[in-house]
Structure formats: C-alpha cells, structure tokens
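*Asks:* Before we start, here is the structure in question, set down as structure tokens.
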Amino acid sequence: MAQWIEACGKDDIDEEDVMRFDHGGKTYAIYRSPDDKFYATDGLCTHEKIHLADGLVMDNIIECPKHNGRFDYRTGEAKGAPVCINLKTYPVKVDGGKVLIDVG
Amino acid sequence: MTNGMVIVGGGMAGARAIVNLRASGYEGAITLVGEETLLPYDRPPLSKAMITDEQEPQPAWLLDESMLVSLNATVLRGVRAKSIDRASKTLHLEDGVSLSYEKLLIATGAKPRRLTLPGGELGYTLRDYADGDHLRNRIRNSAAVAIIGGGFIGLEVAASARKLGAAVTVIEAQPRILMRGVPQEIADVVHARHEAAGVAMQVGTGLSAIEIDGVVLADGRKIKADIVIAGIGATPQTALAEQAGLAVDNGITCDATLRTADADIFAAGDCCSFPHQLFGNKRMRLEAWRNATDQANVATENMLGGSKAYTAVPWFWSDQHDLSLQIAGVPGDGVETVRRQLSDQAFIIFHRDASGRLVGASGIGPGNSIARDVKLAEMLIARSAAPASAALADASVGLKSLLKG
Ligand SMILES: Cc1cc2nc3c(=O)[nH]c(=O)nc-3n(C[C@H](O)[C@H](O)[C@H](O)COP(=O)(O)OP(=O)(O)OC[C@H]3O[C@@H](n4cnc5c(N)ncnc54)[C@H](O)[C@@H]3O)c2cc1C
Ligand code: FES
C-alpha cells in the first residue's frame, strides 16, 4: 500500500546532489538529478551499510564514500565491484515545494 | 591444450582478474594458483572489524564456490607457484603440477617485513586471515599490547586493540607517525586522536630488543606487553619473477600497460612496479586496495589483446577510532599545500606542484566527512587541473564547480 511521506523541501537539495532522510527507523537517500528530477533509494550502501548521503552524485550515479561502490540511483542498479547487490528504490513525487516518497 | 589465462596469487588482484576476464568476454580456461588455503577474501577488515567485532568473524569473501562455478574458473588452493619456464610458457607449482599458460598474471602481493633485532621473531605481523584471527584472540587475552611502527596497519591495530580495552603503546622510530606519504598536519591529528583514546605514543624512539614480556627501547626503558605486533612495512613478492629472469625494481617491473618485458606475462597489485603517466612516468608501486582492483582490470584487458595504460589516480583510505583518512594522488610530488576546512574536525590538504597543478589531496575527518571532496579532488588530479589556491581553500566554493569550470 502506498504510504507517502514528506521527505524534504524541493530546494533542500541542490541539483546533482543527495540528502539523507530518516523515517520509521530506516534511512533513505533522496536525490535531485542534473535534469531536476527527484529519486529515492535505501540510504545505506549494500556493501557495508555506509550512509550514501556522504557520497558524490555525478550525473545519474551515486558513489559510496567508503570504497567507491557505484549505483545508478534512478534504478538502484549496482555498477560493479565492490558493490554487487542493487539498492532498493522508492517512488517519489513532488507536490508544490515538497518532495514525498512512498515508503509503503 | 593450455590452462588458458593463468593467475598466480588469490588476493584482491587475482580475484578481480578472474571476474574481469569473464566480464571482458573471454571464454577460455582460467586457472588461479594461490598459496593460501582459503578462497580470496578482503584484507582491509583484518586490522579493523576482524579484531573488534563481537561476533565470531568470517572472512569477507571476494569469491565463493558458487561464483567460481558461474565464472567457470579453477582455483588451486594451498599451493605455491615455484617457477616459470618462459620458453615453453609453463608455470611449475610446488606440488609438482605444471600449468601451461597463454598469458600469465603475477598477483603475488606483498608480505610483512619482519623485525630483525634481537627477539624479533617474537613480534607478530598481520597480512592474512590466520594472522587476523590469531591477533583477535591474543589481543582479547592481553592486558598490554605493544605495536612497533606508526604506519597504517600498526595504527589501525592500535585503535582496534584500544577499543577492546587493552593498554596500547605505539613505538615509532621516525620523528613522527605516518612519515611516508601523509602530510604532517594530518599525522598530527591522527597522533592526537590516538593519545586522546589513551594510546601511549612513543615517537622518535628506537628499539633494542623484543623480549617475551615486552620491548626494550634504545634508551634502555622497558615497555611491558603481553603481545608485540610489528607493522613495519611490506615487501613485494617478486621471487617468482626474478627466478624467471624478469626485472625487479621495488616490485615486478612492468610498462604502463602492466606488462613485463615478456609479452605474455603481466603483473598487478601490491607486487607491481609501473610508470605512472599522470605523474611524469614516475615508477611507483602502490599497496592499496583500489589499486589492486583497478590494475587487475587493466592487466586482464591487456592480456586479452588490449593496450590500455593504467592511469588511475592512486587512492587509499584508513580508519582509526572514529576518524577516516583518505589520500588521493601523490602528495609527495607537491611543493605547496592549501588547506580547506570542511568543518571543525574535517579538513583536506591539497598538494600542488611547482606549476600549480593539483597532484594530491589528503583528507581527515570523522566518519565519511571528507570522502566527497577527496573524490572530487581525485577527478581534478586525473584531469591535471591547476585550480587557484583561493578556490581550493574556500570551502564555500564547490569543488564540483572547479571540475565543470
Ligand atoms: C591488514 C591490512 C589492512 C589493509 N587496509 C587497507 C585499507 O584500509 N585501505 C586500502 O586501500 N588498502 C588496505 N590494505 C591493502 C590491500 O589489502 C592490498 O593492497 C591488497 O590486498 C593487495 O592485493 P593483491 O592481490 O595485490 O595482494 P594480496 O592481497 O597480498 O594477495 C596476494 C596473494 O598471493 C599469494 N601468493 C604470493 N606468492 C605466491 C606464489 N608464489 N604462489 C601462489 N600464491 C602466492 C599470497 O599468499 C596472497 O594470497 C590493507 C592490507 C592489510 C594486510
Ligand atoms: S561500503 Fe559502499 S562500497 Fe563499501
């Protein structure tokens, strides 16, 4: 069942950047792409549970700050060693100035 | 029939080589020979989580049986490669088996240097999983731990042992810790953090002997310890290459494509010496995790007929207490430093050469606070960029904007 939660304001994240969002004991990462779209994934790297929000966003890739594991944040796809497990992604919508994610 | 692509050494580079040979579309035989009895596993945890974790540790596998089945690769474990017959392209193993190769990758890594002073054999070293398991148990049963050498591995073990509550002394002969490749300002932060955690830091202190119950310093003082651990560097494993008549220059001498003078033999990882095109073709050998991965990727591509040069920017991390340190590039090539303060406790030192080119970035801070900017610095280094000092120093100027500018 859909469960939309307000994660942040649209302008809280720069273009081509990422922000951490904690909710219900879980941590998420919210992204704003260079073409101004919003995405959300699990907040922790699938390699060693490191917060991805400390990582670098370049184009559609988030790079983990710990050992440079790379994911496509739009699909969650792991892009090679050392990460081999994909990231879970969550639906996102922008409503007014707010970014909502479906954690349901 | 040959054994196809043959790899010596089942560490990070060897494991990665198998994966990349297949990812590059190679369909022939792959055989890896490793002297360790375990399948390839990751070494960085050995000085960190392996010692401190409450749960019984497990190797962090790089490859497991099911992956090897799907990669269709043979791994011969617990056997050393003894010699190479280059004329017949044959690798001889210690157990009498011979493998004929199309191309050979030497990924034999490095082994810890041993203490040579009186009682040196009493000092433990850390390189493989068995060492890690042994240290984990010994440290847990020791009231006092002495660590010889203020390099990365010694300091990481010091932090881990301190976390377990042992009294820890670090003894470094040089005037400061991390003399090799780490700027003073960062070494100072690391030093202070160890002291704050209760580690006794003895720098500029020589040793005269190791005894069963501790170490004797050059000035005659005795430091009691239940276990002595030496982290005094590592030596590249080059014997196989030397025996085969290949050149060795602090590592197996390769060209920029990681090929030795023999067109069918390549090297990658901690054992490999290569000229780095980004740094004036300076010959270097790196002991770093990502280097082992990236070099295995390049070497295997070239084993399959490519001619790609290895040009990745050197990069290394170390975790001690709550601090993470990352170093990109070759700080030692810099003649001038610029400091960027990211927060109270996090900063980056940029290293610029005489022409103003960015050649290195060294960062330290809690958690992963410096990772993003070190990564951007790495990208600037890769482009041979020469950003203005004022922009580098000003934390309100995004490094990403320098990259795009
Ligand atoms: C305790 C520890 C902590 C580390 N922490 C970090 C870190 O935080 N960050 C970082 O960037 N790097 C770190 N490193 C470095 C990193 O692990 C190494 O750079 C990496 O393991 C190198 O991989 P390699 O495959 O070249 O060599 P190795 O991993 O050493 O593998 C070589 C293998 O070859 C085998 N071998 C050697 N000779 C023969 C022979 N003749 N026949 C058959 N097999 C042979 C060896 O037994 C070994 O299994 C750490 C290393 C250690 C030991
Ligand atoms: S924790 Fe993310 S790549 Fe290792």
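*Asks:* Non-local amide H neighbours of B:Ile227 (under 5 Å, H modeled in plane, Pro and chain starts lacking H): which ones?
*Replies:* Here the answer is B:Ala144, B:Ala146, since their amide H atoms fall under 5 Å of that of B:Ile227.
*Asks:* Straight-line reach from B:Lys111: which lysines have a Cα under 19 Å away, not including same-chain ones fewer than 8 places off?
*Replies:* B:Lys48, B:Lys82
*Asks:* Please enumerate, by chain and number, the lysines with C-alpha under 20 Å from the C-alpha of B:Lys400, excluding those fewer than 8 residues away in the same chain.
*Replies:* Answer for B:Lys400, where 20 Å is the Cα cut-off: A:Lys37, A:Lys66, B:Lys375, listed by chain and number.
*Asks:* Show which lysines lie in cross-link reach of B:Lys222 when reach means a straight Cα distance below 25 angstrom and same-chain residues fewer than eight apart are skipped.
*Replies:* Candidates past the 8-residue exclusion: B:Lys163.
*Asks:* Percent of Cα-Cα pairs per 20 Å bin, from 0 to the last occupied bin, for chain B, please list those.
*Replies:* The percentages, shortest bin first, are 26, 54, 20, 0.
*Asks:* So what is log10(I(q)/I(0)) for the stretch B:322-402 at q = 0.11, 0.17, 0.23 1/Å, when the Debye sum runs over its Cα atoms only?
*Replies:* Computed log10 I(q)/I(0) values: -0.23, -0.55, -1.03.
*Asks:* In a Debye calculation with equal point scatterers on the alpha-carbon sites of the protein assembly as shown and no solvent, what is log10 I(q)/I(0) at q = 0.09 Å⁻¹?
*Replies:* Here log10 of I(q) over I(0) equals -0.70.
*Asks:* Show that you can apply the helix-only estimate: for chain B, add -39,500 (n - 2.57) for every DSSP H stretch of four or more residues, divide by all residues, and state [θ] at 222 nm to the nearest 500.
*Replies:* -7500 deg cm²/dmol
*Asks:* Still on this structure, I have one more. Across the residues of B:367-375, average count of Cβ atoms on other protein chains within 10 Å?
*Replies:* Neighbouring Cβ atoms belonging to other protein chains average 5 per residue here.
*Asks:* At 1.4 Å probe size, with the rest of the protein present, what percent of the exposed accessible area of the stretch B:322-402 is carbon and sulfur atoms?
*Replies:* Details: 1490 of 2890 Å².
C and S atoms contribute 51 percent here.
*Asks:* For chain B, with only Lys/Arg (+1) and Asp/Glu (-1) charged at the beta-carbon, what is the dipole magnitude about the Cα centre, in debye rounded to 20?
*Replies:* Charge dipole of chain B: 740 debye, to the nearest 20.
*Asks:* Could you list which residues have their amide H under 5 Å from that of B:Gly119, counting only those 5 or more apart in sequence or on another chain, with H placed in the peptide plane?
*Replies:* B:Ile210
*Asks:* The stretch A:4-102: D in µm²/s via Stokes-Einstein (Kirkwood Rh, Cα pairs, 20 °C, 1.002 mPa s)?
*Replies:* Answer, rounded: 165 µm²/s.
The values are calculated or read from the model by the stated rules, or taken from the named source; none is laboratory data. This one's a predicted model, so the numbers in the text were calculated from it and none came from an experiment. Ideal geometry is used to build each Cβ from the backbone, glycine not excepted, and the neighbour counts take in all protein chains shown. SASA here: full protein model, heavy atoms, side chains in, ligands and nucleic acids out. Shrake-Rupley method; radii C 1.70, N 1.55, O 1.52, S 1.80 Å.
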